[in-house]
Amino acid sequence: MQIHLSPRHLTLTAAIYSFVAEKIAHLEQITDDILAAHVVLLHDETKTKKHTVKVHLAVPGPDIHAEDAEDDLYVAIDKVVAKLSQQLRKRKTKL
């Protein structure tokens with residue numbers, strides 16, 4: 001699986017990259033159908049929720065999307081991964 005990270009108004013550090021890669025790779029335990037993952041990390045000073053994480057998973061059939069905004073970047077990543085795992089489990093049950 002390919003993981004593509006796109007930071008917006010944020011410096012991508014090795015710690016952030018490894019954390020995201022570890023969480024997205026954990027999704028492969030649910031299903032092996034994931035072809036690619038595109039993760040967008042946004043930082044916005046003007047809103048109350050400063051960090052937004054958007055994830056697009058390319059799978060056979062309809063793609064899977066999730067988004068979450070939190071004050072802490074790592075909490076936002078955790079919540080997005082939880083949403084994605086729920087969607088993947090639902091998709092696996094349907095198939």
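The values are calculated or read from the model by the stated rules, or taken from the named source; none is laboratory data. Everything numeric here is computed off the predicted structure, so don't read it as measured data. Because the Cβ atoms are built from the backbone with ideal geometry, glycine has one as well, and the counts that use them run over all protein chains shown. Side chains included, ligands, DNA and RNA excluded: accessible areas come from the protein's heavy atoms. Shrake-Rupley method; radii C 1.70, N 1.55, O 1.52, S 1.80 Å.
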Enumeration of residues in segment 18-33 that are among the polar types (S, T, N, Q) and open to solvent by 40 Å² or more (accessible area, probe 1.4 Å): SER18, GLN29
Looking only at segment 55-95, and only at residues there that are touching a residue at least 24 places away in the same chain (Cβ under 8 Å), among the small types (Gly, Ala, Ser) and part of a helix (DSSP H, G or I), the one that is surrounded by the fewest Cβ atoms within 10 Å (Cβ to Cβ): SER85
Long-range neighbours under 8 Å by Cβ, at least six apart or interchain, first residue within 15 Å of ILE64 (Cα to Cα) within segment 20-35, second loosely packed, with under 12 Cβ neighbours inside 10 Å and of a type outside the set (Lys, Arg): ASP33/PRO60; LEU35/GLN2; LEU35/PRO60
Qualifying position, being closer than 16 Å to ASP78 by Cβ and either hydroxyl-bearing (Ser, Thr, Tyr) or modelled with pLDDT under 90 (or both), among LYS23, LYS54, LYS49: LYS49
Among the candidates ALA15, ALA36, residue that is at pLDDT 90 or above and either of a type in the set (Asp, Glu) or surrounded by 13 or more Cβ atoms within 10 Å (Cβ to Cβ) (or both): ALA36
